[in-house]
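The values are calculated or read from the model by the stated rules, or taken from the named source; none is laboratory data. Because the structure is predicted, anything quoted here is derived from the model rather than measured. Backbone-built Cβ (ideal geometry, glycine too); neighbour counts: all protein chains shown. Side chains included, ligands, DNA and RNA excluded: accessible areas come from the protein's heavy atoms. Shrake-Rupley method; radii C 1.70, N 1.55, O 1.52, S 1.80 Å.
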Amino acid sequence: MAVVSILVFALAQATMPAAPTAPPAPSAAPAGAQAIQTASQAFSACIGPKAAAVPATMTPEQGADSALAACKPQETALRGAVEAMLVTVPAEYQAMGRKQLEDGMAQARTQIAEAIRQKRAAPATPAAPATPAK
């Protein structure tokens, strides 16, 4: 989820002292950033197959809701990782971080539904013929 990556970067920047040179390397991000990245990857890994398996009888929005419901444990873990990091940053950044997370989760439903639409609209690609062994 790109939004979560943006959140991690924004929070990392907010908690680091200002540097007169280039931004810090990704490895300099707070420890919670790795937990968020791991949880985000698990959530994405769950959503992809669930969205791809949505039956044609469901609307894209129903399919997105179904995929999100099926991946609720991963979403909960992601939210927990974000919350654990947010409590370590200054209070003025916590509300911003929570809003970014909520906005990102709201966008996820729309993005999943759009991906389902695009998949359905794409022409079916025929299987490549097997090449005979020589």
Can you tell me how many residues in segment 47-73 are part of a loop (DSSP other than H, G, I, E, B), under 13 Å from residue 115 (Cβ atoms) and open to solvent by less than 70 Å² (accessible area, probe 1.4 Å)? 1
Which one is surrounded by the most Cβ atoms within 10 Å (Cβ to Cβ), of the residues in segment 94-134 that are modelled with pLDDT of 90 or more and over 22 Å from residue 68 (Cα atoms)? 94
Would you say residue 81 is under 14 Å from the mean Cα position of the chain (by Cα), surrounded by 14 or more Cβ atoms within 10 Å (Cβ to Cβ), aliphatic (A, V, I, L, M) and not in a loop (DSSP other than H, G, I, E, B)? yes
Determine the pairs where a residue that is more than 10 Å from residue 109 (Cα to Cα), located within segment 60-75, has a partner that is at pLDDT 95 or above and small (Gly, Ala, Ser) with Cβ atoms under 6 Å apart, the partner being 6 or more residues away or on another chain. 74/42
